[in-house]
Amino acid sequence: MLGLVVDTSVGACTVGLYENGLNGLTCLYDDTALMSRGHQEHIGPQIWNCFHKTGIKPKALNRVCVTLGPGSFTGLRVGLSFAKGLAEGAGVRLRGFSTLEAMAAFEGLTDTRRLVVIEAGRGQVYVQAFDGMAAITSPISLNINDNEAISAYADILPDVGVLTGNGGDHVRSYWPQALVIPQICPSTQAMARLGFDDFDRSDVKPVYIREPDAKVSDKRIVRFDTERPPA
């Protein structure tokens, strides 16, 4: 089975292509371009390169998998709309998972109680705690200047062993025992593990913890037939 994974929800544009076979997951393509803006212009050529370099056609895919946020409202809309259109055009299933869950699934962290912390802008971070692959708190936003609120949150999670994500430095003083493992964006391998797991991931509504500034675009059919899109 072949699965394409896409993330544009945080500070990068990420595409991966994985085969799930008898020997587990095999990475066929992995590309991450760091950026705070410009996802809309980058994602099309990036996915075209994936198909071009691997020689695999979109119709050969069995699923398209995408992060659902929270994260950058603009970036999230780009990735989700593009993934919807690509899945529709290829006639395959679309599966989604939160950006927090994808960062929690980073290789080597899944046996540790960990707190994923993502930059949210406006002096806030998005946070969620995980133990194994189970979420043990709901995703929320915290004001990084609200010491009382962060202290209260830390009191209910005294045994966090790892802070991960791109915002851990904002809260590390509240968990001095925790190891900080930065992640700018989810890894393609972590996304592929979630994309091929046995859970129902057909609900692809975006995860907005704050009210978005705009709505996700209507889905379109995306095809990669002959010509390379403009860079």
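A few comments on the model shown:
- Accessible-area composition of the chain, carbon plus sulfur, in percent [1.4 Å probe]: 48 percent
- Dipole magnitude (debye, nearest 20) for segment 16-152, charges at Cβ of Lys, Arg, Asp, Glu: 560 debye
- Selection from 28, 117, 104, by position along the positive dipole direction of the chain (Cβ): 28
- Spatially near lysine pairs across the chain, Cα under 19 Å, sequence gap of 8 or more or different chains: 8
- Pairwise label distance in nanometres, residue 1 with residue 35, each label 7 Å out on the Cα-Cβ vector: 3.1 nm
- Computed log₁₀ I(q)/I(0) - Debye formula, equal Cα scatterers, no solvent, the chain, q 0.08, 0.17 Å⁻¹: -0.28, -1.18
- Dipole magnitude of the chain about its Cα centre (Cβ charges: Lys, Arg +1; Asp, Glu -1), debye to nearest 20: 820 debye
- Charging the Cβ of each Asp and Glu at -1 and of each Lys and Arg at +1, and nothing else, the dipole of segment 15-72 about its Cα centre rounds to 180 debye.
- Per-pair calculated FRET efficiency, R0 = 35 Å: residue 147 and residue 107 via Cβ, rounded to 0.05: 0.55
- Length, then width, then depth: along the principal axes, the Cα atoms of segment 1-81 run 37, 24, 20 Å.
- Surface per residue (accessible, 1.4 Å probe) for segment 1-133, Å²: 37 Å²
The values are calculated or read from the model by the stated rules, or taken from the named source; none is laboratory data. As the structure is a computational prediction, the values presented were derived from the model and not from experiment. All Cβ positions, glycine included, derive from the backbone under ideal geometry; neighbour counts span all protein chains shown. Areas reflect the complete protein model, heavy atoms only, side chains present, ligands, DNA and RNA absent. Shrake-Rupley method; radii C 1.70, N 1.55, O 1.52, S 1.80 Å.
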